[in-house]
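Data block below; observations after.
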Amino acid sequence: MDLGLRGAKVIVTAGAAGIGRAILERFLSEGATVATCDIDADALKTLPQNVIAERVDVADEASITGFMDRSIAKLGGLDCLVNNAGIAGPTAPVDKVDLADWRRTIDVVLTSQFLTVSHAVAALRQSKNPSIINLSSVAGRLGFALRTPYAAAKWGVIGLTKSLAIELGPDNIRVNAILPGLVAGDRQRRVLEAKAQQRGLSYKEVEAEAFRYTSIKEYVPPEAIGDQIMFLASPLGRFVSGQALSICGDTKMLA
């Protein structure tokens with residue numbers, strides 16, 4: 001099925017590995033031209049040569065805004081911005097969370113999205129099919145004990161998304177949030193390992209508890225996130241905006 005994304009000009013933050021890499025590869029498979037950034041220089045070296053790529057710390061204002069401006073210039077415009085960059089943040093009781101870790105989590109997960117959007121809007125207004133897709137989390141819908149910086153930032157992403165959808169709707173710019181659940185990969189494994197350590201449980205016990213609160217007892221493959229984003233970025237998704245869309249196997253609680 002042709003999604004109408006051939007020739008689309010796309011920026012995906014943190015696109016060298018994990019969910020971001022799956023999103024980037026799906027855009028490439030649809031014939032889009034993609035620019036990405038990542039903090040992992042080694043992972044960036046594994047990207048296809050036709051991808052515009054830079055090493056960037058998205059929490060650094062000058063670094064991320066410079067990347068946005070250069071990428072839009074190299075792409076010759078912008079049709080879709082995918083704000084994928086994020087970190088897990090600390091796993092600890094709230095009274096044990098270091099303020100520096102709190103600020104770093106908010107900066108990477110939420111403030112970076114404000115910065116990219118503020119530098120993308122002018123170019124998106126010139127597109128015939130403009131969209132912004134922000135990665136939140138089911139933690140931004142349900143909350144997450146021992147993960148307060150992460151959950152707070154992801155709730156903020158939904159508030160940002162809803163507000164932008166209203167503000168940019170008159171420009172026909174669609175803005176949506178994706179809320180992944182338990183996604184297969186190293187990052188999810190590290191989160192569960194940290195939770196197990198904090199609670200004095202085994203990895204298997206924590207994993208089993210996590211799936212106890214999902215209807216579908218499987219990890220979400222990163223490719224499933226990419227598939228949903230293709231629809232939202234395509235002309236088929238032209239009337240979907242202001243939504244927080246969960247891809248989580250029907251997660252009811254985060255233990």
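The values are calculated or read from the model by the stated rules, or taken from the named source; none is laboratory data. Note that this is a predicted model, so its numbers are computed, not measured. Don't worry about glycine lacking a Cβ; one is built from the backbone with ideal geometry, like all the others, and counts go over all protein chains shown.
Observations on the structure shown:
- Check on GLN198, in contact (Cβ under 8 Å) with a residue 12 or more places away in the chain and closer than 18 Å to SER136 by Cβ: no
- Residue match in the range 211-232 (condition: without any contact (Cβ under 8 Å) to a residue 12 or more places away in the chain and either at negative phi or among the hydroxyl-bearing types (Ser, Thr, Tyr) (or both)): no
- Output for the range 162-195, where each listed residue is loosely packed, with under 14 Cβ neighbours inside 10 Å and either under 21 Å from CYS248 (Cα atoms) or touching a residue at least 12 places away in the same chain (Cβ under 8 Å) (or both): ILE166, GLY169, ASP171, ASP186, ARG189, ARG190
Residues checked against (1) at pLDDT below 90; (2) of a type in the set (Lys, Arg):
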position: ILE178; (1), (2): no, no
position: ARG187; (1), (2): yes, yes
position: ALA194; (1), (2): yes, no
position: VAL220; (1), (2): no, no
position: ILE225; (1), (2): no, no
position: GLN228; (1), (2): no, no
position: PRO235; (1), (2): no, no
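- GLY159 vs. criteria surrounded by fewer than 21 Cβ atoms within 10 Å (Cβ to Cβ) and at pLDDT below 95: no
- Residue check, ASP57 acidic (Asp, Glu) and within 18 Å of PRO222 (Cβ to Cβ): no
- Boolean, ALA120 is out of contact with any Ser or Thr (no Cβ under 6 Å at 6 or more places or on another chain), crowded, with 20+ Cβ neighbours inside 10 Å, under 27 Å from VAL34 (Cα atoms) and not polar (S, T, N, Q): yes
Yes or no, residue by residue, for (1) hydrophobic (A, V, I, L, M, F, W, C); (2) closer than 20 Å to ALA233 by Cβ:
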position: LYS9; (1), (2): no, yes
position: LEU47; (1), (2): yes, yes
position: ILE52; (1), (2): yes, yes
position: ALA62; (1), (2): yes, no
position: MET68; (1), (2): yes, yes
position: SER71; (1), (2): no, yes
position: TRP102; (1), (2): yes, no
position: THR105; (1), (2): no, no
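- Helices (runs of 4 or more DSSP H) completely within the range 1-77 that count 1 or more residues being buried (at least 23 other Cβ atoms within 10 Å of the Cβ): 18-29, 61-75
- Here is the figure for the range 1-28: residues that are among the small types (Gly, Ala, Ser) and over 17 Å from ASN84 (Cβ atoms) total 2.
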